Amino acid sequence: MADARPAAPGPALPGRHGARETVALLCDAFDELPSPPAPPEPPDGPLGWEGYDAARARAAARTGEEESVVCGTGVVGGTRAVLIAFEFGFLGGSLGRRTGDRLEAAFAHARAHRLPVVPLVATGGSRMQEGMLALTQLQRVARQSALTRAAGLPQIAVLRDPATGGGWATLGAGADVVLALPGAQVGFAGSRVRPPGADPAAYTAEGQVAAGSADAVVPPGELRAVLGRWLRLLTSPSADPAPVPEPLGARDLPADGAEAVRRARAPGRPRAGAYLDAYFTHRVALSGDRCGGTDPGGVLCGFGEHAGRTVAYAAQTGTATRPAGYRTAARLVRLADRLGIPVLTLVDTPGAANDAEAERQGVGPAVAEMFGAMASLRVPATTLVIGEGGSGGALALAAPGRTWVAPDGYFSVIAPEQAAAILKRPQAEADRTAGQLRLRPQDLAELGLIRTDDQMFP
């Protein structure tokens with residue numbers, strides 16, 4: 001990174017504000033952490049890059065800062081956190097050895113005081129004037145992030161403008177939750193090193209959300225409230241399981257298997273959105289599998305408040321679940337487990353997507369990842385089948401030993417029509433086959449496969 005100057009400030013985009021201005025937009029009080037002592041170094045830095053000392057002096061005079069990051073603690077929406085604010089006006093917010101010293105100290109402070117970490121990223125990457133010594137700071141940052149993750153502390157990144165290079169690929173993309181400001185430039189490649197003709201939309205906050213690499217674009221006026229809500233929810237662990245939701249649809253049990261299937265497939269049956277709205281006081285959404293995919297129409301994931309406690313949720317919406325949906329749900333479950341937050345899953349799918357594109361996207365490994373995430377949980381999980389429970393694509397989200405089925409739901413090894421086809425029966429036999437599959441809630445209870453307490457059954 002050369003002696004970059006900040007872009008012209010925009011009137012309402014905090015991504016173009018300086019580090020301290022950005023912090024002031026998010027919290028009322030900010031206690032800056034002391035900077036680690038800087039070891040002596042030769043003139044113009046470790047590489048003897050001609051003019052480097054002069055460039056740093058100009059950057060300091062222009063910004064009033066001694067380095068490209070300002071670190072401290074502040075209260076955001078009632079939750080104290082360690083904030084790491086990049087000063088883009090200081091050599092383009094680039095990372096050098098002294099930057100690494102400050103970042104390491106900030107993460108260590110967060111772990112020592114059990115505080116979440118909020119990187120406010122505005123950087124062009126690693127500092128060229130320090131060569132590989134600057135680039136290896138990314139390894140230091142990754143190590144500190146990993147230690148903080150292992151300590152069970154959340155990291156919520158806010159992508160300002162720009163968020164590129166190694167800063168994006170560590171502090172940004174490596175965070176548990178990634179929020180971005182509208183129109184911010186976000187990408188591993190900065191604007192001067194992209195291939196000719198590259199689609200500029202791919203390098204935006206909106207493009208990263210669409211690609212599953214960030215969770216949400218948040219307008220500047222809403223950022224303080226949204227970030228505060230995320231911090232409150234992710235710093236509220238609980239050892240108690242999430243209560244099973246009350247059924248919102250039918251209360252009586254189906255007479256036979258065919259009726260159970262018809263009920264679950266009824267267009268007017270309550271879906272995931274209605275259940276989540278009834279269950280949570282408020283909630284925030286987690287989006288994207290961090291592998292280039294999203295499935296917002298197939299699985300809703302996030303954290304919400306129920307009866308004063310945080311609960312993580314992954315809710316199928318009644319469609320065939322795409323590979324990105326399973327990966328996003330698995331990401332949600334692993335994060336909740338690490339933070340000590342109970343999990344609620346709502347099962348409602350005819351099954352995993354089985355088209356050719358789903359196979360190319362790795363639907364089998366994605367389902368396996370979901371099964372593994374649920375099997376590895378140390379926090380309690382609760383599952384309610386609110387509609388169709390189609391085969392392994394539904395079972396992957398089910399909590400072993402803590403699964404309930406609503407009266408207008410069913411769970412089956414396979415759909416009745418597919419079972420009839422495999423048995424070489426005419427489709428007219430699908431209703432009879434449904435009965436033989438014993439997929440009704442009461443059948444599943446008799447088989448000892450689901451729970452029937454909490455007055456779920458009449």
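The values are calculated or read from the model by the stated rules, or taken from the named source; none is laboratory data. Source: prediction; values computed, not measured. FYI the Cβ positions are ideal-geometry reconstructions off the backbone, even for glycines, and counts take in every protein chain you see. Only protein heavy atoms, including side chains, enter the accessible area calculation; ligands, DNA and RNA are left aside. Shrake-Rupley method; radii C 1.70, N 1.55, O 1.52, S 1.80 Å.
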Item to check | Burial ranking of peptide ranges 332-343, 271-282 (average Cβ count within 10 Å, highest at the top) | outcome: 332-343, 271-282
Next on the checklist: Ignoring ligands, DNA and RNA, please state the percent of accessible area on the chain from carbon and sulfur, probe 1.4 Å.
Outcome noted: 57 percent
Checklist entry - How big is the accessible area of LEU135 in square angstrom, nearest 10, if you roll a 1.4 angstrom probe over the protein chains? => result 80 Å²
Item to check | Ranked packing of 424-431, 187-194, most packed first, by mean Cβ within 10 Å | outcome: 187-194, 424-431
Item to check | Residue-normalised accessible area of the chain, given per residue in Å² at a 1.4 Å probe | outcome: 40 Å²
Next on the checklist: At 1.4 Å probe size, put THR99, THR235 in order of accessible surface, largest to smallest.
Outcome noted: THR235, THR99
Checklist outcome for this item: With every protein chain in place, the accessible area of ARG143 for a 1.4 Å probe, in Å² rounded to the nearest 10, comes to 140 Å²
Item to check | Protection proxy ranking, peptides 287-299, 397-409, average beta carbon neighbours within 10 Å, highest first | outcome: 397-409, 287-299
Checklist entry - What are the residues whose amide H is under 5 Å from the amide H of ASP161, where those residues sit 5 or more places off or on another chain and H is modelled from the backbone? => result GLY15, ARG16
Item to check | With Cα atoms, 0 to 90° folded angle of helix 323-339 axis to the chain main axis | outcome: 70 degrees
Item to check | Where GLU359, GLU65 fall by accessible area, highest first, once all protein chains stay in place (1.4 Å) | outcome: GLU359, GLU65
Next on the checklist: Whole angstrom only: what separates the Cα centroid of the range 367-412 from the Cα centroid of the range 289-313?
Outcome noted: 15 Å
Next on the checklist: Using a Förster radius of 25 Å, what is the FRET efficiency between VAL75 and TRP49 based on their Cβ-Cβ separation? Nearest 0.05, please.
Outcome noted: 0.05
Checklist entry - Under the Kirkwood approximation for Rh and a Cα-based Rg, what ratio Rg/Rh is obtained for the chain? => result 1.07
Checklist entry - Accessible area, 1.4 Å probe, largest first: how do MET132, MET374 sort? => result MET132, MET374
Next on the checklist: Please state the shape class of the range 361-458: rounded when a/c is under 1.5, otherwise prolate if a/b exceeds b/c and oblate if not, all from the C-alpha gyration tensor.
Outcome noted: oblate
Item to check | the range 43-99: translational diffusion in µm²/s, Stokes-Einstein, Kirkwood Rh over Cα pairs, 20 °C, 1.002 mPa s | outcome: 170 µm²/s
Checklist entry - Over the range 125-281, what is the percentage of antiparallel beta bridges among all DSSP beta bridges, to the nearest 5? => result 10 percent
Checklist outcome for this item: Where a ≥ b ≥ c are root eigenvalues of the Cα gyration tensor, a/c under 1.5 meaning rounded, otherwise prolate if a/b exceeds b/c and oblate otherwise, the range 80-191 counts as oblate
Checklist outcome for this item: A correct Karplus calculation of ³J(HN,Hα) over the range 190-203, with 6.51 cos²θ - 1.76 cosθ + 1.60, θ = phi - 60°, whole Hz and x for Gly and Pro, returns x, 5, 8, 10, 7, x, x, x, 5, 5, x, 5, 5, 9
Checklist entry - Counting only DSSP beta bridges with both residues in the chain, what percent are antiparallel, rounded to the nearest 5? => result 40 percent
Item to check | Mean separation of Cα contacts under 8 Å, 6 or more apart, over the residue count of the range 262-306: relative contact order % | outcome: 40 percent
